[in-house]
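What follows is one structure encoded as structure tokens, with my remarks underneath.
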Amino acid sequence: ECSWHVLASGLSSIVHGEQGAMLVASQLATCAPTYNAKLYAASQTFDEARHVEVYHKYLRERIGWIYPIMPGLKLLLDKILTDPRWDLKFIGMQIIIEGLALAAFERQRASVMDPLLKDIFYLVIRDEARHVTFGVNYLEEFIATLSEEERNDRAEFAYEACVVMRNRFGSTNVLKHYGWDAEEAMKAQTGSEAMTLFNNLLFSKIMPNLKKIGLLTDEVSKKYEELGILQFKDLEDAGVIDWDEMSKPLEYSSKTV
């Protein structure tokens, strides 16, 4: 039973994150500065709506319950949704939240046992990869036009978002459900080598993209190094999409089960 609660907690966070992505994408469909960006944001809104529906349906029909949003994720989503600057919405959603989600989805797909859930992750990952790639390419051109002060402001925003998201997986939902001391359990979990490595690896999709778009300034690079995630900056970024891979027929694990 405990493993089902752990899965429900993780999938609930995904649902809330996808709901936030849907809302931000719908905002960008109206406030993005170019027609192409508006058009892509409109198509992404539809993608995110499908993601919300499929994960929510899985939770409802396969597990039976859903947990509330974690405070850290809500804080960041509120900041992105209420900030009037369209480019900060792009950075917060396309680079930070979507990039982190992409890394988490790939790891979860490798670990889950249910063939249906594996297929869901496979299809959603294809969508998320497109979203991140568009964000990287679009923001790279835009950020190059900013002044040094404006770029530093965006770089600091991205860093603060990473700090919030680095702690977003510290959910206390399951701990509270079983009546355990959530504070003590979180302290032990946060300080463990395994959890530190897991959290850091989630940024393997974010750091190279921040470098690609020009938001790894000297000042914030020092801060990322203190977090232990600057090491990922030289990995492959999402600026180039593998069209050969994207054009392959869809593969479903359930076909082989």
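The values are calculated or read from the model by the stated rules, or taken from the named source; none is laboratory data. Keep in mind the model is a prediction, meaning the values are calculated, not measured. Glycine also receives a Cβ, built like all others from the backbone with ideal geometry; neighbour counts cover every protein chain displayed.
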Open item on the list: Please verify whether residue 85 is without any contact (Cβ under 8 Å) to a residue 12 or more places away in the chain and under 18 Å from residue 31 (Cβ atoms), treating the condition exactly as stated.
Closed with: yes
- [ ] Please give the number of the condition residue 41 fails out of (1) over 20 Å from residue 23 (Cα atoms); (2) free of Cβ contacts under 8 Å to residues at least 40 places away in the same chain.
- [x] (1)
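From the residues in the stretch 154-176 that are assigned to a loop (DSSP other than H, G, I, E, B) and surrounded by 19 or more Cβ atoms within 10 Å (Cβ to Cβ), which one is modelled with the lowest pLDDT? So that I can check it myself, show each step before the final result.
Taking the stretch 154-176 first, the residues assigned to a loop (DSSP other than H, G, I, E, B) are 167-172.
When the remaining residues are screened for being surrounded by 19 or more Cβ atoms within 10 Å (Cβ to Cβ), the result is 168-169, 171.
Details: 168: 59, 169: 54, 171: 61.
Here the residue is 169.
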